[in-house]
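Student: Supplied in structure tokens, the structure appears directly below.
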2 protein chains.
Amino acid sequence: MSVLIVGSTALDSIKTPKAENPKLLGGSASHAAVAASFFGPVNLIGVVGEDFPKRYLDLYKRHRIGLEGLQILPGKTFHWSGEYEANMNNRRTLLTELGVFETFTPTLPSKQQNSPFVLLANIAPSLQSHVLSQMRRPKFVVADTMDLWLNIALPDLLKLLKRLDGFVLNDSEAHQLTQEDNVFAALKKIHKLGPKYVVIKKGSHGSLLSGPKGYFICPAYPLRKVLDPTGAGDSFVGGMMGYLAAAKGGIEQNIRRAMIYGSVVASFCCEGFGLNQTTRTTRAQIETRVKELERLTRF
Amino acid sequence: MSVLIVGSTALDSIKTPKAENPKLLGGSASHAAVAASFFGPVNLIGVVGEDFPKRYLDLYKRHRIGLEGLQILPGKTFHWSGEYEANMNNRRTLLTELGVFETFTPTLPSKQQNSPFVLLANIAPSLQSHVLSQMRRPKFVVADTMDLWLNIALPDLLKLLKRLDGFVLNDSEAHQLTQEDNVFAALKKIHKLGPKYVVIKKGSHGSLLSGPKGYFICPAYPLRKVLDPTGAGDSFVGGMMGYLAAAKGGIEQNIRRAMIYGSVVASFCCEGFGLNQTTRTTRAQIETRVKELERLTRF
């Protein structure tokens, strides 16, 4: 089955202590869509400006990502610039130019309103809701978010949460949303806001699923060197949804393995700037790391 | 086989935002010895003052911990007092009274010099080395440490490291010791300092083993409520060594499961002040949580 992904499509300029990479292909939807594309058909909903490089459109196409829902509008593509500290965890935003995103209202091509799997990747929760309202009868809807929306659009996010099957956020966001220091106490409160499945991302510490059948502790793939973690969370949830959409059987039966696949795609993402390494990765390399994670956690 | 444990034997006064508990039984050796006692015979090497409550000696005895190596000297028992913040991760030391520990020189009863498993629980590395020098041919020697010794006794610690089979430390200590932000890069450097097995404790994020056969990602048992994490790391390594000493087969074959058992005993430790919950725990309860961890990590 196919996955519909809405989110940001951006140009990212990323600085680390060792390198500087201007105008890489970025945005939550770009990372999530490429990640999901390893497993099956993906359609992207987003907007870019007239300055969007043709080579990035070609990149989407090489990954067989459906672009019927990608608007190309007069104006500039969303541009984000950030700088990482040496530990690769702390980052600060240097610049945010919304460009064509300022007035973006996603309208779904009619075919895509039937998409069974919907990933509302990180973007304003009002836009996530707007897309969701155009869907007919989706089978499984998951949203990701970021601290910005907790700060400036919490009422919108709370409305969205009631309509989700699954919600993905990181540990500091879970703390911010619930005022709970303990992640398991936070999970309990987040379920009460709506979603049946909640996934908490913990970066290099892996992730946690809380669902109807309890918890799953999902490891991160061990990386000795992280070049650029931008988009790792988007790759994680994109890989997860791509795997779920392609897998035979129900959500409950597949969601743990789906998280493992998401975790592995995210590990490749961290090994290159922007999408450089993810786009070089093969399905066979993904399978190798999944098998390694099995060995690394067996006891 | 039996485990010999040397470390601190203390009275801990612990403050949290919700409670205050004066003069609990504490110290690295107390926590580690009780944890190890679930699996087989344990002998304790330590020192207490004449003020040490008889009920704490009785507690050791109820756990069948051999006390031939526990000196009772004129003076006061080591007293540590600390306060936790609401998140139960950050703590500050309010008071440290070394008492009889100031002049402690552990001398091993002759029988115990043959102990096959040796746990040098957290204590000054010079004392850890002093104990190790009295051992005949130990089969497996593991040491734990803390940031204090990295700050004030690094040369002693580096000397000790060359003589160890296994070394246990937490993630911030690994960073401090190696100047590596990435934990896998840190592990590589720590192996070069001597130990074949290195375990990095990450609190509620679990722990990591690096050994001759690669990594093991060990989960922490999910706890919705942490009452007092004091001694959790000592319980972890104590449980691990207790399990290893009792298990049939070699280290390599058992060390992953040993870490899981250590992790579970540590989870009980966190659920009560001092040793209150650990001492109430049964082996059957430990087995239940080990099985749960199997379910929580399977994919």
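Student: Which stretch or stretches of segment A:64-93 have amide N atoms under 13 Å from the point lying 7 Å from A:Thr103's Cα along the Cα→Cβ direction?
Tutor: A:73-76
Student: Another one. B:Ser129 label points, 7 Å along Cα→Cβ, one per copy: pairwise distances from this copy to the rest in nm, shortest first?
Tutor: Those separations, rounded to one decimal, come out as 6.6 nm.
Student: OK, next. For B:Lys291, which inter-copy label distances result when the label point lies 7 Å beyond Cα on the Cα-to-Cβ vector, reported in nm to one decimal and in ascending order?
Tutor: Values, ascending and in nm: 3.2.
Student: Out of A:Ala121, A:Asn87, A:Leu67, whose Cα points farthest toward the positive end of the dipole of segment A:63-183 (charges: +1 Lys, Arg; -1 Asp, Glu; placed on Cβ)?
Tutor: A:Leu67
Student: Quick query: amide H of A:Gly46 versus all other amide H atoms, modeled in the peptide plane; which residues come in under 5 Å with a sequence gap of 5 or more or a different chain?
Tutor: The answer is A:Leu70, A:Gln71.
Student: Taking other Cβ within 10 Å of each residue's Cβ, how do B:Asp51, A:Asp171 sort, fewest first? Walk me through the numbers before you get to the answer.
Tutor: Values: B:Asp51 13, A:Asp171 18.
Neighbour counts put them in this order, fewest first: B:Asp51, A:Asp171.
Student: Please report, in whole Å, how far the alpha carbons of segment A:1-112 spread along each principal axis, starting with the longest.
Tutor: Extents along the principal axes: 45, 32, 22 Å.
Student: Also, quick follow-up: Can you sort B:Phe236, A:Phe167, A:Phe140 so the residue with the fewest Cβ neighbours within 10 Å comes first?
Tutor: So the residues, fewest neighbours to most, are A:Phe140, A:Phe167, B:Phe236.
Student: Next question. Could you tally the net charge around A:Phe273, taking each other residue with its Cβ under 10 Å from the Cβ of A:Phe273, Lys/Arg +1 and Asp/Glu -1? It would help to have the intermediate numbers written out before the result.
Tutor: Numbers: positive: none; negative: A:Asp12, A:Glu20, A:Asp228, A:Glu271.
Net of charged neighbours comes to -4.
Student: Which whole-Hz couplings ³J(HN,Hα) result when phi for each residue of segment A:41-46 is put into the Karplus expression 6.51 cos²θ - 1.76 cosθ + 1.60, θ = phi - 60°, listed in order with x for Gly and Pro?
Tutor: Karplus values, whole Hz, x for Gly and Pro: x, 9, 10, 9, 10, x.
Student: Of the peptides B:72-82, B:201-211, A:31-41, B:278-288, how do they stack up when ordered by the mean number of other Cβ atoms within 10 Å, highest first?
Tutor: With the highest mean Cβ count within 10 Å placed first, the list reads A:31-41, B:201-211, B:72-82, B:278-288.
Student: Can you sort A:Leu169, B:Leu108, B:Leu57 by how many other beta carbons sit within 10 Å, fewest first?
Tutor: B:Leu57, B:Leu108, A:Leu169
Student: Sequence neighbours fewer than 8 away in the same chain don't count; with that in mind, list the aspartates and glutamates whose C-alpha is under 19 Å from B:Lys18.
Tutor: A:Glu180, A:Asp181, B:Glu83, B:Glu85, B:Asp228, B:Glu271
Student: If R0 is 45 Å, what FRET efficiency do you get for A:Lys111 and A:Ala86 from their C-beta distance, rounded to 0.05?
Tutor: After rounding to 0.05, the efficiency reads 0.45.
Student: Continuing with the same structure: Equivalent ellipsoid semi-axes for chain A, as square roots of 5 times the alpha carbon gyration tensor eigenvalues: give them largest first, rounded to whole Å.
Tutor: 25, 23, 20
Student: Quick one: give the max-minus-min coordinate of the C-alpha atoms of segment B:153-299 along each principal axis, largest first, in Å.
Tutor: 40, 33, 29
Student: Per residue of segment A:219-230, in order, report the coupling 6.51 cos²θ - 1.76 cosθ + 1.60 (Karplus, θ = phi - 60°) as ³J(HN,Hα) in whole Hz, putting x for Gly and Pro.
Tutor: With the stated coefficients, segment A:219-230 comes to x, 8, 6, x, 10, 7, 9, 10, 8, 6, x, 4 Hz.
Student: In nm, what does the list of distances from A:Leu67 to its counterparts in the other copies look like, shortest first, when each label sits 7 Å along Cα to Cβ?
Tutor: Distances to the matching label points in the other copies: 7.8 nm.
Student: Sequence neighbours fewer than 8 away in the same chain don't count; with that in mind, list the lysines whose C-alpha is under 18 Å from B:Lys192.
Tutor: In chain and number order, the partners are B:Lys159, B:Lys162, B:Lys213.
Student: Which helices, counted as full DSSP H runs in chain A, have an axial Cα extent of no less than 20 Å and a Kyte-Doolittle average of 0.5 or above?
Tutor: A:232-246, A:251-270
Student: On to the next question. From other protein chains only, count the Cβ atoms within 10 Å of every residue's Cβ in A:177-183, then give the mean.
Tutor: 3
Student: Closest approach to the A-B rotation axis by any Cβ of A: residue and distance in angstrom?
Tutor: Nearest-to-axis residue on chain A, with distance in whole Å, is A:His205, 2.
Student: Moving on to the next point. Please give the average number of partner chain Cβ atoms lying within 10 Å of the Cβ of each residue in B:200-208, rounded to a whole number.
Tutor: Taking all residues of B:200-208 together, the mean is 3.
Student: Something else now. Assuming 0.36 nm per residue, please report the length gained on full extension of the stretch B:Lys162 to B:Lys196 beyond their Cα-Cα distance.
Tutor: Difference between extended and current length: 11.3 nm.
Student: Follow-up. Return the Rg/Rh ratio of segment A:115-179 with Cα-based radii and a Kirkwood Rh.
Tutor: 0.96
Student: For the protein assembly as shown, compute Rh as the Kirkwood radius over C-alpha pairs and then the Stokes-Einstein diffusion coefficient at 4 °C and 1.567 mPa s; write the answer in µm²/s, rounded to an integer.
Tutor: Values: Rh = 25.6 Å.
Diffusion coefficient, whole number: 51 µm²/s.
None of the figures in this text is laboratory data; all of them are computed from the coordinates on show. Here the structure is a predicted model, which is why all the values come from computation and not from measurement. Positions of Cβ are generated from backbone atoms using ideal geometry, with glycine treated the same way; all protein chains shown enter the neighbour counts.
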